[in-house]
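Notes for the one structure printed next.
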Amino acid sequence: MADDTHGLDQPPPGAAADWTIPQGWDRYTAAEHATWDTLFARQTALLPGRASRAYLRGLDLLKLSDGGIPNFEELSDRLAALTGWRVVAVPGLVPDEVFFDHMANRRFVAGNFIRRPDQLDYLQEPDVFHDVFGHVPMLADPVFADYLEAYGKGGQRAMAHDALKWLGRLYWYTVEFGLIREGGELRIYGSGIVSSFAETRFALDDPSPHRIGFDLARVMRTEYRIDDFQQNYFVVPSFDELLRLTVETDFGPMYDRLKALPDIPVAAIEPGDAVITRGSQAYARAKAA
C-alpha cells in the first residue's frame, strides 16, 4: 500500500506519526461483517487445490474462519506468536518510506474499511478483505515472512538508488500476483489472486495468460497492469528460493544494469524465458477489440 503520488507529506488528521490509525473494530456494522463473510465463503470454496499449502495453513492457523472482520489486535497476537509480524491499520495508501519502514520492522499495513456489497468483484483501492484475507495468511509462513521483511529493507535501500520502479515490479509479481510450483502443480499465493473470485480461476485455468518461470531480472523489467487480469504470471520454484535470491542478490549493480535496459511489455515472451504455459492472449485481444 505504498504510494508516492498522493501529495501528502505528513500523516492526515487522526493518524499517528507513523501513519497508523485505530482499526475501529467496534464501529463495523452487521452489514459490513456480513460482506466479509460473503467474500470469505466464496473464496474459501475456490481455494482448496488452487492455493499454496503455506497460504491455506496460514488461513487455518490465524483462525480467519471464525466469522466477521478480524480484530487486528487479536489477529496480530496470533500472527506475532508465529512469525513476529503484526497488522496495523492505516488510512489508505501511505508514502513509500512509511510503507518500507513498517515492513522492515514486521508490521503489515492494512486498510480498515471494507468494500460495499455492490463492489464484491472489483475495488481499485485495497480494502480490509484484500489486505487481511489476501496477504496475512502468507505472513504466518516463516520463510515468506522473512522474504517480506527483506523486501522492506530492500525498499529502503532502493529509494537511495531511485529504483522503486523495478523493486515495485518484484512486489507485484510475487506478493500480489505470484504463483508457485508445488508437487508438480501450479498453485496461487499472491494476494491479488487469492482475494479475487475471478482471478483465482483465471490465473490457473484460463488459456490466455503466459506462465513463466521466475527470473529476478526478468520480473523487475516487466511492466504490469493494475486494472485487469495479469497476462504474465511468474512461477517461483519455492519460497526458500525466492528468499535466497532476495537476500543474496546485490541489488545496487542490478539496478545499474536495469537502467540501461528497456522495459518488457505486458504479455511479452522473451528469448530465454522458461515458459511453463504459453498463453493464447485471447482475453487481452478480446478486451482490445
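Values computed for the structure shown
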read-out: Total residues in the range 151-184, condition farther than 18 Å from residue 96 by Cα, touching a residue at least 12 places away in the same chain (Cβ under 8 Å) and over 11 Å from the mean Cα position of the chain (by Cα); value: 4
read-out: Filtered residues of the range 118-130 (kept if within 17 Å of residue 198 (Cα to Cα) and in contact (Cβ under 8 Å) with a residue 60 or more places away in the chain); value: 120, 121, 124, 126, 129, 130
read-out: The range 215-242: number of residues that are open to solvent by 30 Å² or more (accessible area, probe 1.4 Å), farther than 16 Å from residue 191 by Cα and touching a helix residue (DSSP H, G or I) at 6+ places or on another chain (Cβ under 7 Å); value: 3
read-out: First in the range 84-98 and without any contact (Cβ under 8 Å) to a residue 40 or more places away in the chain, second anywhere and basic (Lys, Arg) and not in a loop (DSSP other than H, G, I, E, B), Cβ under 8 Å, 6 or more apart; value: 86/107
read-out: Residue identified as touching a Phe, Trp or Tyr at 6+ places or on another chain (Cβ under 8 Å), open to solvent by 10 Å² or more (accessible area, probe 1.4 Å) and under 24 Å from residue 89 (Cβ atoms) among 121, 141, 127; value: 141
read-out: Selection within the range 177-186 - open to solvent by 30 Å² or more (accessible area, probe 1.4 Å) and either touching a Leu at 6+ places or on another chain (Cβ under 7 Å) or aromatic (Phe, Trp, Tyr) (or both); value: 186
read-out: Of the criteria (1) without any contact (Cβ under 8 Å) to a residue 60 or more places away in the chain; (2) over 14 Å from residue 86 (Cα atoms); (3) hydrophobic (A, V, I, L, M, F, W, C); (4) touching a Gly at 6+ places or on another chain (Cβ under 6 Å), which one residue 103 fails; value: (2)
read-out: All positions within the range 49-64 that are outside any loop (DSSP other than H, G, I, E, B), crowded, with 19+ Cβ neighbours inside 10 Å, at pLDDT 95 or above and not hydroxyl-bearing (Ser, Thr, Tyr); value: 51, 54, 56, 58, 59
read-out: Selection within the range 36-48 - open to solvent by less than 50 Å² (accessible area, probe 1.4 Å) and more than 17 Å from residue 127 (Cβ to Cβ); value: 44, 46, 47
read-out: Close pairs (7 angstrom Cβ cut-off, 6 or more residues apart or separate chains): under 18 Å from residue 216 (Cβ atoms) in the range 262-289, part of a loop (DSSP other than H, G, I, E, B) anywhere; value: 263/223; 264/223; 264/270; 269/278; 275/269
read-out: Selection count, the range 156-181, where residues are of a type in the set (A, V, I, L, M, F, W, C) and in a strand (DSSP E or B); value: 2
read-out: Qualifying residue in the range 96-105 (condition: among the aromatic types (Phe, Trp, Tyr), out of contact with any Ser or Thr (no Cβ under 7 Å at 6 or more places or on another chain), open to solvent by less than 20 Å² (accessible area, probe 1.4 Å) and in a loop (DSSP other than H, G, I, E, B)); value: no
read-out: Neighbours by Cβ (under 9 Å, 6+ apart or cross-chain): first from the range 65-76, open to solvent by 10 Å² or more (accessible area, probe 1.4 Å); second at pLDDT below 95 and among the basic types (Lys, Arg); value: 70/63; 74/63
read-out: Residue in the range 243-259 that is open to solvent by 60 Å² or more (accessible area, probe 1.4 Å), in contact (Cβ under 8 Å) with a residue 24 or more places away in the chain and over 23 Å from residue 156 (Cα atoms) present; value: no
read-out: Helices (runs of 4 or more DSSP H) contained in the range 182-281 and holding at least 1 residues out of contact with any strand residue (DSSP E or B) (no Cβ under 8 Å at 6 or more places or on another chain) and farther than 28 Å from residue 47 by Cβ; value: 216-221, 239-248, 251-259
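The values are calculated or read from the model by the stated rules, or taken from the named source; none is laboratory data. Remember, predicted model here, so these are calculated numbers, not experimental data. Note that we place each Cβ from the backbone using ideal geometry, even for glycine, and neighbour counts take in every protein chain shown. For the accessible areas, the whole protein counts, side chains as well, though only heavy atoms, and no ligand, DNA or RNA atoms are used. Shrake-Rupley method; radii C 1.70, N 1.55, O 1.52, S 1.80 Å.
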